[in-house]
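Working notes for the structure below.
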Amino acid sequence: MYNPYDFYFKQAKKVWFKARSAFKLDEIQDKFHVIDKTTKYVIDIWCAPGSWLQYTISQLQKNKVKDFKLVGFDLKQVELNLPGLVTYKQDITDQEKVKELLAEQGIEKVDFIQSDMAPNTTGIKDLDAMRSVELIEQTLWMYQTLLKPNGKFVIKIFMWPGFQEFVAKLKTIYGGKSIKIFKPKSCRAESKETYIVKI
Ligand SMILES: C[S@@+](CC[C@H](N)C(=O)[O-])C[C@H]1O[C@@H](n2cnc3c(N)ncnc32)[C@H](O)[C@@H]1O
C-alpha cells in the first residue's frame with residue numbers, strides 16, 4: 001500500500017531533494033555509473049519538480065566537470081536555480097522546438113539523457129499503458145539523434161503491454177549488452193515501474 005510518509009519520502013525531505021525519485025537515480029548511478037568524469041552535457045526530459053536535476057547537478061559538481069550543462073524540459077515550470085542548469089517549460093514531443101532550444105544553449109550532442117516519464121493517468125489501465133509507451137516512443141528520436149556515440153541514458157518505463165517490444169527495439173539499435181533493465185530497491189514493491197539503462 002502506498003505510504004507518502006515512507007522511508008524514502010522522509011529521506012527526500014531530509015536531504016532537500018524535491019522528490020523521492022532522486023534515490024532511484026542514485027541507485028542507478030551506484031550500479032551503472034551513468035554520470036562519470038566524461039559527462040559534460042545532459043538532458044532531462046520530464047524534469048519537474050526537479051529532484052533528478054538536483055541529483056545530477058550534484059554529481060556533475062562532484063566530478064569537477066568544467067562548464068557542464070544540464071538542460072531540463074517539462075510541461076510545468078521548474079523552480080530551481082542551480083549552477084549549469086537551464087530549464088524550459090516545453091512539451092518534449094515538439095521535436096523542432098526542442099532542437100531549437102538546445103541549439104540556443106550551444107548543444108548539438110549530449111553525453112547522457114535522463115527520462116523519468118509519468119503520463120497523466122486516466123485510471124483506465126489499458127489507456128494509460130498505451131499513453132505511456134506512446135509518449136516514450138515519441139522521444140526515441142532524441143536518443144537516436146542527440147546522444148553521442150558512447151552516450152548513456154536512463155528511461156523510466158512501466159511494465160505494461162508494449163514494454164518488451166520497446167526494449168527489443170532498443171537492443172536492436174544499441175546492442176543487447178548495452179541495454180540493462182533495473183528495478184531500484186527504492187521503487188515501491190507494488191509499482192510497475194522499472195528502468196532501462198544504456199551503459
Ligand atoms: C514523474 S514526473 C518527473 C519527476 C522528476 N524526474 C523529478 O525527479 O522531480 C513526470 C513529469 O513529466 C511531465 N510531462 C508529462 N508529459 C510531458 C510532455 N509531453 N512534455 C514535457 N513534460 C511532460 C509532467 O509534467 C511531470 O512533471
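Odds and ends about this structure:
- The alpha-carbon atoms of region 76-199, seen along their principal axes, cover 40, 34, 28 angstrom, with the largest extent given first.
- Count of Lys pairs (Cα-Cα under 29 Å; at least 8 positions apart or interchain) in region 77-152: 14
- Most simply put, the chain has about 35% antiparallel DSSP beta bridges, counting only bridges with both residues inside it.
- Region 55-199 - percent relative contact order, Cα under 8 Å, separation 6 or more: 18 percent
- Here region 16-119 exposes an accessible surface that is 47 percent carbon and sulfur, computed with a 1.4 Å probe and the other protein chains kept in place.
- Summed residue charge, Cβ within 15 Å of Lys97's Cβ, Lys/Arg positive, Asp/Glu negative: -4
- Every pair of different Cα atoms in region 52-93 enters the Kirkwood calculation, which places the hydrodynamic radius at 10.9 Å.
- Think of the chain as a dipole: +1 on every Lys or Arg Cβ, -1 on every Asp or Glu Cβ, centred on the Cα centre; then among Gln29, Val110, Val98, Gln29 lies furthest on the positive end.
- Relative contact order of region 58-126, taken over Cα pairs closer than 8 Å and 6 or more residues apart, is 21 percent.
- Accessible area in square angstrom per residue, region 68-159, 1.4 angstrom probe: 50 Å²
- Remark: region 40-110 is approximated by an ellipsoid whose semi-axes, taken from the C-alpha gyration tensor as √(5λ), come to 19, 15, 8 Å, largest first.
- Dipole magnitude (debye, nearest 20) for region 86-146, charges at Cβ of Lys, Arg, Asp, Glu: 80 debye
- Peptides ranked, highest mean first, by Cβ atoms within 10 Å: ranges 128-138, 77-87, 181-191: 128-138, 77-87, 181-191
- In whole percents, the pair-distance distribution calculated for region 1-153 from its alpha-carbon pairs, binned every 10 Å from zero, is 10, 39, 37, 13, 1.
- Helical mean residue ellipticity (222 nm; -39500 (n - 2.57) per DSSP H run of 4+; nearest 500) of the chain: -11000 deg cm²/dmol
- Largest-first principal axis extents of the Cα set of region 150-199 (Å): 32, 22, 13
- Cα-based reach from Lys183 at 15 Å (exclusive), listing aspartates and glutamates while leaving out same-chain residues under 8 positions away: Asp26, Glu27, Asp30, Asp116, Glu193
- Here Lys66 is the anchor, and the aspartates and glutamates within straight C-alpha reach of less than 13 Å, apart from those fewer than 8 places off in the same chain, are Asp36.
- Student exercise, the chain dipole from Lys, Arg, Asp, Glu Cβ charges, in Debye to nearest 20: 820 debye
The values are calculated or read from the model by the stated rules, or taken from the named source; none is laboratory data. Values in this document were obtained by computation on a predicted structure and should not be read as measured data. Cβ sites come from the backbone with ideal geometry, for glycine too, and all protein chains shown count toward neighbours. Keep in mind that these areas ignore ligands, DNA and RNA; they rest on the heavy atoms of the full protein, side chains included. Shrake-Rupley method; radii C 1.70, N 1.55, O 1.52, S 1.80 Å.
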